[in-house]
Amino acid sequence: MAFDLQLRQIGVIAGKEFRDRIRNRWVLAVAVVFAAFALAIAYFGAAQQGSVGFRSIEVTIASLVSLVIYLVPLIALILGFDAIVGERERGSLDLLLSMPLTRLELLLGKFLGLFLALACSTVLGFGLAGVLLATQLPTAALYHYAGFVFSAVLLGAAFLSLAVMVSVFASDRGRASSAAIGLWFFFVLIFDLLLLGGLVLGAGDLGGGWGSQLFPYLLMLNPADVFRIANIFGVEDVRAMYGLATVFPEALARPGLLGAVMVAWIVLPLAVAVWRFRK
């Protein structure tokens with residue numbers, strides 16, 4: 001019974017968070033943005049080569065990967081950075097905790113509601129683009145596209161988990177927003193530059209190129225890179241274009257392994273947030 005009650009409490013908080021995003025048209029707005037960018041990239045992605053129109057699903061997904069890596073983490077971080085600290089500043093956190101509701105239930109409910117809103121936006125936006133692409137692509141290609149959308153949802157969940165962790169640790173919304181933007185810059189822009197620099201230094205190291213050996217494992221420390229590998233490693237031409245064929249072993253690119261790493265990126269920051277929030 002206690003476990004059922006906990007699920008009910010989590011569901012109440014999650015439902016409120018989700019309804020708030022529906023009422024302020026947040027879900028619809030983000031879905032329209034995703035659909036518009038996805039269709040534009042799918043149709044005009046080859047304009048610099050002098051052609052337009054829908055191409056193979058592999059090339060389309062490779063083009064969309066960069067869009068998702070930039071947009072989805074940013075939207076997830078903006079969505080979740082004030083999940084807890086915002087309630088604290090508004091004075092409603094003490095009121096919520098005075099109810100028959102544990103801190104764990106409150107945090108999980110917040111995360112679940114925000115995740116559902118983000119997942120709906122992602123699926124609706126890219127799903128609408130997929131419906132339009134369905135008239136141009138074979139059925140088998142649509143399964144590949146569905147896997148891409150699913151991995152985009154997992155990427156959003158990973159960065160939303162990081163945002164909730166930031167929200168628990170931050171003392172005010174200003175610091176939380178700064179930390180969220182800092183995380184976006186680090187994981188999306190800075191992380192790969194640092195790795196590439198380390199790879200170059202390691203390749204020239206007298207010890208025999210330790211950088212190239214560590215590089216595949218270090219990529220796992222960035223959920224954006226895990227998402228990228230999951231979507232482009234299986235296509236030989238695209239993999240060669242990104243240079244992954246020479247630096248990333250095929251054994252580490254199994255979908256099950258990459259999925260487990262992404263789930264870990266969702267669970268671990270949320271577990272840290274729960275630990276901190278309980279204190």
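Select the helices (runs of 4 or more DSSP H) contained entirely in the range 139-209, then report the ones holding at least 2 residues which are touching a Phe, Trp or Tyr at 6+ places or on another chain (Cβ under 6 Å) and either closer than 28 Å to L64 by Cα or modelled with pLDDT of 95 or more (or both).
It comes to 139-169, 173-184.
Determine which single condition N24 fails, assuming it passes every other condition in (1) exposed (fewer than 15 other Cβ atoms within 10 Å of the Cβ); (2) over 25 Å from the mean Cα position of the chain (by Cα); (3) at pLDDT below 85; (4) within 30 Å of R276 (Cβ to Cβ).
Here N24 meets the rest and fails (2).
Conditions: (1) farther than 18 Å from Q136 by Cα; (2) modelled with pLDDT under 90; (3) surrounded by 15 or more Cβ atoms within 10 Å (Cβ to Cβ). L39 meets all but one. Number of the miss?
(1)
Confirm whether P223 is under 30 Å from D82 (Cα atoms), touching a helix residue (DSSP H, G or I) at 6+ places or on another chain (Cβ under 7 Å) and modelled with pLDDT of 80 or more.
Working: under 30 Å from D82 (Cα atoms): yes; touching a helix residue (DSSP H, G or I) at 6+ places or on another chain (Cβ under 7 Å): yes; modelled with pLDDT of 80 or more: yes.
Yes: the conditions hold for P223.
So which of F191, F185, F169 is without any contact (Cβ under 8 Å) to a residue 60 or more places away in the chain, closer than 18 Å to L268 by Cβ and not acidic (D, E)?
F191
Residues being more than 15 Å from the chain's Cα centre (by Cα) and surrounded by fewer than 24 Cβ atoms within 10 Å (Cβ to Cβ): count how many of those fall in the range 146-167.
So the answer is 1.
Write out, first by first residue and then by second, each pair whose Cβ atoms fall under 6 Å of each other, whose residues are 6+ apart or on separate chains, and whose first residue, in the range 99-127, is under 29 Å from L67 (Cα atoms) and in contact (Cβ under 8 Å) with a residue 60 or more places away in the chain while the second is among the basic types (K, R) and in a helix (DSSP H, G or I).
Qualifying pairs under 6 Å: A117/R21.
Among the numbered criteria (1) β-branched (V, I, T); (2) exposed (fewer than 14 other Cβ atoms within 10 Å of the Cβ); (3) touching a residue at least 40 places away in the same chain (Cβ under 8 Å), which one does T135 miss?
(3)
The values are calculated or read from the model by the stated rules, or taken from the named source; none is laboratory data. Note that the structure is predicted; figures quoted are calculated from it, not measured. Quick reminder, even Gly has a Cβ in these numbers, built from the backbone with ideal geometry, and neighbours come from all protein chains shown.
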